[in-house]
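Below is one structure, written out as structure tokens, with a few remarks after it.
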Amino acid sequence: MDFVGGIAVCALGHCHPSVVTALRKQASRLMHVSNLYYIQQQAELANLLAEICPEGIEKFFFCNSGTEAVEASLKLALKHSKRSKIVAAEGSFHGRTAGSLSVTWEKAYREPFSPLLFKNVEFVPFGQIAPLEKALDEQTAALILEPIQAEGGVRVPPDDYLPAARRICREKNVLLILDEVQTGMCRTGRWFACEHWKVSPDELTMAKALGGGFPIGCLGARKEVMDSFQPGDHASTFGGNPLACEVAKAVIKTMRKLRLPQKVTRTGKYFKRRLEELKEKFGTIHDVRGLGLLLGMEMESKEIAEKVVEGCLKKGYLINRTAEKVLRFVPPLIIEEKHIDGLILALEETLKGL
């Protein structure tokens, strides 16, 4: 039983019939054509995304992964603003290619490759408004944030944080980029996590669950921002190919049919309550946090977290450890309460064994 889900990728589970059918049908017709030409499936996917994305996000650039979507967002911000500085959050994770690595907090990821990275990046504490307001100055092109820091330990900000970030960016003419590569596509009980705080960004990155297991990434932006890209400014040979777009269309349509935002809200509340019950029983559990089916359980130490991951694996459950000692749960969004009950039992037996 997979509670990692390809790290929040397999939102419809493994080999969902709608994904498999779309893949087989399109593969027999046309897999790739140069994006020098208009691609019907790409336009159709963009229309679907415009319907589910936060207000104002209505133009899209397609690529192959989350880190590529972030790279595109940074290039677009610099081009649109004609400024050079990017502000990011401590604890952030935005990818491992040079541009996205520049705005990823973990020094162990960045320092071995520092000559390749953007130089004008400032990190501010996640969830704190005053340092954020101070960092955004006349040289700042964009602020990039994850609405919930998933890789950083499933850290949910205070309720006033994202609305304040939106307000300050607007006042200082700074673009707000929200990285929803992991939090998007119904993961938190909304199509995109920023909807919990009624915040709409200037740029929005997505990937992971968008393809249901097939590689695809996307940058969405407000029209006036995206129009700063001119032909030749940015491109992707494989981005937006007919095969990936047809699969993503099937994913979105299936999510709508299953009413996944509502289902995830219900299931996520149940899952979180069951984890909190474990916390009451075991002193080695320090915290339970998250939204929807992006949940984290912080353990007493890295060593205990590792042993719990190993113990659950022996019982037939895949779980994941991140930020040293946080157990992260990002299962397929179609998960049911009976599956959650099975994991809770495996966790309880493993913890008792420790």
What number, in percent, do you get for the relative contact order of region 25-130 if the mean sequence gap of Cα pairs under 8 Å and at least 6 apart is divided by its residue count? 20
The extension gain from ASP287 to GLU106, computed as 0.36 nm times the residue separation minus the Cα-Cα distance, is 63.0 nm
Take the alpha-carbon centre of region 208-280, take the same for region 112-142, and report the distance between them in whole Å. 26
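Sort region 259-353 into rounded, prolate or oblate with this rule: let a ≥ b ≥ c be the square roots of the eigenvalues of the Cα gyration tensor; rounded if a/c is under 1.5, and if a/c is not under 1.5, prolate when a/b is larger than b/c, oblate otherwise.
Numbers: a/c = 1.73, a/b = 1.55, b/c = 1.11.
Cα axes put region 259-353 in the prolate bin.
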Would you list which lysines come within 29 Å of LYS82, measuring only between C-alpha atoms, while excluding same-chain residues fewer than 8 positions from it? LYS59, LYS107, LYS119, LYS134, LYS172, LYS198, LYS223
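For SER28 and ALA43, compute 0.36 nm times the residue count separating them, minus their Cα-Cα distance, and round to one decimal in nm. List each step's numbers first, then the result.
Details: separation 15, 0.36 × 15 = 5.40 nm, distance 2.00 nm.
Here the segment from SER28 to ALA43 would lengthen by 3.4 nm.
Sorted by mean Cβ packing within 10 Å, highest first, what order do the peptides 247-260, 90-103 take?
Working: 247-260: 19.9, 90-103: 21.8.
Result, highest mean first: 90-103, 247-260.
Count the net charge of all other residues whose Cβ sits under 13 Å from the Cβ of MET226, scoring Lys and Arg as +1 and Asp and Glu as -1.
-1
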May I ask you to list the residues of region 276-294 whose amide nitrogen lies under 16 Å from a point 7 Å from Cα along the Cα→beta-carbon direction of GLU324? 285-287
Just flag the GluC sites (Glu not before Pro) in region 123-215 sitting in loop per DSSP whose Cβ has no more than 11 other Cβ atoms within 10 Å. GLU138
Extension gain from GLU55 to LYS352, taking 0.36 nm per residue of separation minus the Cα-Cα distance: 102.1 nm
Can you work out the Karplus-derived ³J(HN,Hα) for every residue in region 143-153? Use 6.51 cos²θ - 1.76 cosθ + 1.60 with θ = phi - 60°, whole Hz, and x for glycine or proline. 10, 10, 9, 8, x, 10, 7, 7, 5, x, x
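At 20 °C and 1.002 mPa s, grab the translational diffusion coefficient of region 13-113 from Stokes-Einstein with a Kirkwood Rh over Cα pairs, rounded to a whole number in µm² per second.
Working: Rh = 16.7 Å.
D, rounded to a whole number, is 128 µm²/s.
None of the figures in this text is laboratory data; all of them are computed from the coordinates on show. This one's a predicted model, so the numbers in the text were calculated from it and none came from an experiment. All Cβ positions, even for glycine, are placed from backbone atoms using ideal geometry, and neighbour counts span all protein chains on display.
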